[in-house]
Amino acid sequence: MDKDLARAFSSLTTGIYVLTVVDGGHYHGMSSSWATQVSGEPPLFTAAVDNNHFSRAALARTGVFGFNIVGARGKVLEDYFYSSRARRPDNLTDIEYELSPVLGVPWLKQAMVSIEARVVNSVVAGDHTIFVAEPMGVRVASNQRPLTSLDLDYVYLGGREVLPRDRSGW
């Protein structure tokens, strides 16, 4: 990616989330930051998932997922899911979670808010698929400040491309 475009994209602030899926007995989570609300009535939001990620195939098959909002005190979740330790199908074995009441997707106990969602549409956009989802249930566990991309020492730009955050200039 061009250096100026990378700098421009890294200036787009995002929340930090963990998307969770269950598929064929595999309980899996992935770091997710490309997500946003897109409709008020009905309430809908989107989450973009890399087309080569384990979660993408599982999500396409099942049509449901957990969306866990990471709070400022939960940075350990981002650190884990962005690490090489999490690159396996059953990566929730080291993380405390419970299954959501309606769809049975993992809600992380360290998340400040968890949503169980049903996919209502999807579109392939380059190297990611954008899933449009309808919330089916929510759990608010704490009232802390959400973790954002500004709290991280890096910015994810897609694939394996990561830009270290230059704290002196931002």
(request) State all residues of region 74-113 that are β-branched (Val, Ile, Thr) and under 21 Å from PRO146 (Cβ atoms); if no residue qualifies, say none. (result) VAL76, ILE95, VAL105, VAL113
(request) Could you identify the single residue in VAL64, VAL132 that is modelled with pLDDT of 95 or more, under 15 Å from the mean Cα position of the chain (by Cα), among the hydrophobic types (A, V, I, L, M, F, W, C) and under 16 Å from TYR27 (Cα atoms)? (result) VAL64
(request) Filter region 65-93 for residues that are assigned to a strand (DSSP E or B) and free of Cβ contacts under 8 Å to residues at least 60 places away in the same chain and give the result. (result) GLY66, ASN68
(request) Kindly indicate the residue of region 135-170 that is among the hydroxyl-bearing types (Ser, Thr, Tyr) and either closer than 17 Å to ILE16 by Cα or in a strand (DSSP E or B) (or both) and also modelled with the highest pLDDT among those meeting that condition. (result) SER142
(request) Could you check how many residues of region 36-59 are touching a residue at least 24 places away in the same chain (Cβ under 8 Å), closer than 13 Å to HIS128 by Cβ and surrounded by 16 or more Cβ atoms within 10 Å (Cβ to Cβ)? (result) 8
(message) For the list (1) loosely packed, with under 13 Cβ neighbours inside 10 Å; (2) more than 16 Å from VAL18 (Cα to Cα), I need the number of the one condition that GLU96 fails.
(response) (2)
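Hey, which of the strands (runs of 3 or more DSSP E) in region 1-44, taking only ones fully inside, have at least 2 residues that are in contact with a helix residue (DSSP H, G or I) (Cβ under 7 Å, 6 or more places away or on another chain)?
17-23, 26-32
The values are calculated or read from the model by the stated rules, or taken from the named source; none is laboratory data. Nothing here was measured: the structure is a model prediction, and the numbers come from that model. Glycine gets a Cβ as well: all are built from the backbone with ideal geometry, and neighbour counts include every protein chain shown.
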